[in-house]
Amino acid sequence: MKLYNTLSKRKEEFVPLEEGKVRMYVCGPTVYNFIHIGNARPMIVFDTVRRYLEYKGYDVNFVSNFTDVDDKIIKKAIEEGVSSEEISKRYIAECKKDMEGMNVKPATTHPLATQEIGGMVEMIRTLIEKGYAYEKNGTVYFRTRRFEDYGKLSHKNLDDLRSGERSLLVTGEDEKEDPLDFVLWKPKKEGEPSWESPWSDGRPGWHIECSEMSKKYLGEQIDIHAGGEDLVFPHHENEIAQSEAANGKEFAKYWMHNAFLNIDNRKMSKSLGNFRTVREISEQYDLQVLRFFMLSAHYRSPLNFSADLMEASKSGLERIVNAADHLKFLMGNAKTEEMTGEEQEAYAKTQEYVKAFENAMEDDFNTADAAAAVFDLVKYTNTTVSADSSKEYLQKLFDRLVSLTDVLGLIVDRKEEMLDAEIEKLIEERQAARKAKDFARADAIRDELLEKGIILKDTREGVQWKRA
Ligand code: AMP
Ligand code: ZN
């Protein structure tokens, strides 16, 4: 299996540090709002990487954090007049709902930065002891030039950086020994959440969070570290500097980065305001469609969001689901149990599609080609089955199809699920019926929803619902 390593700028053969095991860390979102579909790209891409590694039999320890202390969270908390914790808790819960909708598996561990401050303080202390960090007026900085390999991931040269960073000198950061130095610990400002440390009551810098959480849950050396390409510099470059300086070992063997999800060919981002949340998309589409859309391009190619591409993904997914449904229908009515000799031969041929699928995934996770192999299998299935097919043949084809769609995280075998928008429409109708004292209709709607696995709860704040 080959994967592209940002560190070496080439595709490399994947060899895990420990046979049969993979230790993988993916930088997670900062939780101050609903996630947008740009944030969803790394989630879907690296969940698919994980699923393929598991398909190959690896035991994958997959860690992905939530950054729950940050300026943006604090700002949002002040705006709403609530605590930062309330904001981060709320959006972690919402993010998990979105992940479930996109069929992104929960990580083995989802650490929260605020729960790991002690470890971060320890790591900073080690960096100071080793001469890689220093304190000034309660702030601790990393001494960037001390770390000889600085720039090895982003392939940047320190002197080029130096000229690019001149602006820092005039932004009040001149207490730093060098403009390239970055913050490991900063003192609190009035009203901000803070923790005790030997240097000041304050909070950690963003980069040290990941160095510490990765070390705690995966060890000092890991196989794969991943995230969106905007994290290469400075976030991942700084993580490498911190971890390798503190631990004296190579941090991650392979660095994987997804390209941007764009809209009108510009990066989708909160700051540009050109974003669509996953939640908004879920009102229009089953999130499986979004997932399939994300996998329709190679993860290192930019992907432009458009209604046309979403529609194409929707019909593509339908083709796969219809084939699976058809197989299930035929299985339910099959007249013979066991495969005939001819069917055995026909089934053996499907191995070709599995091979094509695997070859695509082995080549730096080419999910677009892997999906093409699934379509070929679907086509083959549709043309070789009939009402006369044996149950065993149908079942085997079905299982083969599911084994591949499972790797892509596509659910082909599920009951009709209601979309959020449909549920909310029915709830509104029920409210209107109650207002009109048509309680029979209101109860009928409640029962109808319950039958589809939607539970309603009437609260003082209004009607809340959840999936059973
Ligand atoms: P953030 O919450 O901004 O730290 O982002 C969380 C993850 O989403 C990081 O891995 C980012 O690189 C990634 N990300 C943010 N915006 C985009 C985008 N438009 N396309 C792809 N990945 C993105
Ligand atoms: Zn990170």
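Some observations on this one:
- Condition met for L231 (under 23 Å from M43 (Cβ atoms) and either within 11 Å of ligand 2 (Cβ to nearest atom) or surrounded by fewer than 17 Cβ atoms within 10 Å (Cβ to Cβ) (or both)): yes
- Of the residues making up the range 199-214, those that are within 12 Å of ligand 1 (Cβ to nearest atom) and under 20 Å from N61 (Cβ atoms) number 2.
- Test: residue in the range 313-322 that is without any contact (Cβ under 8 Å) to a residue 60 or more places away in the chain and under 30 Å from F233 (Cβ atoms): no
- For D68, the conditions (1) of a type in the set (D, E); (2) within 16 Å of ligand 2 (Cβ to nearest atom); (3) over 19 Å from the mean Cα position of the chain (by Cα) all hold with the exception of (3).
- Some residue of the range 5-13 being β-branched (V, I, T), under 13 Å from I224 (Cβ atoms) and modelled with pLDDT of 95 or more: yes
- Verdict on S243 being outside any strand (DSSP E or B), under 18 Å from M43 (Cβ atoms), within 14 Å of ligand 2 (Cβ to nearest atom) and polar (S, T, N, Q): no
- Scanning the range 215-236 for residues that are in a helix (DSSP H, G or I) and more than 14 Å from ligand 1 (Cβ to nearest atom) yields a count of 4.
- Among the conditions (1) touching a residue at least 60 places away in the same chain (Cβ under 8 Å); (2) surrounded by fewer than 17 Cβ atoms within 10 Å (Cβ to Cβ); (3) in the same structural domain as A334 (by TED's automatic domain parsing), the only one that K391 does not satisfy is (2).
- Filter result for K96 (out of contact with any helix residue (DSSP H, G or I) (no Cβ under 7 Å at 6 or more places or on another chain), within 29 Å of E19 (Cβ to Cβ), modelled with pLDDT of 95 or more and more than 16 Å from ligand 2 (Cβ to nearest atom)): no
- The strands (runs of 3 or more DSSP E) found entirely in the range 1-113 that carry 1 or more residues being surrounded by 18 or more Cβ atoms within 10 Å (Cβ to Cβ), of a type in the set (G, A, S) and in the same structural domain as Y217 (by TED's automatic domain parsing) are 59-64.
- Going through (1) within 16 Å of ligand 1 (Cβ to nearest atom); (2) more than 17 Å from the chain's Cα centre (by Cα) one by one, M268 falls short only on (2).
The values are calculated or read from the model by the stated rules, or taken from the named source; none is laboratory data. In this text, all values refer to a predicted model and were calculated from it rather than measured experimentally. Cβ coordinates were reconstructed from backbone atoms using ideal geometry, including for glycine residues, and neighbour counts include every protein chain displayed.
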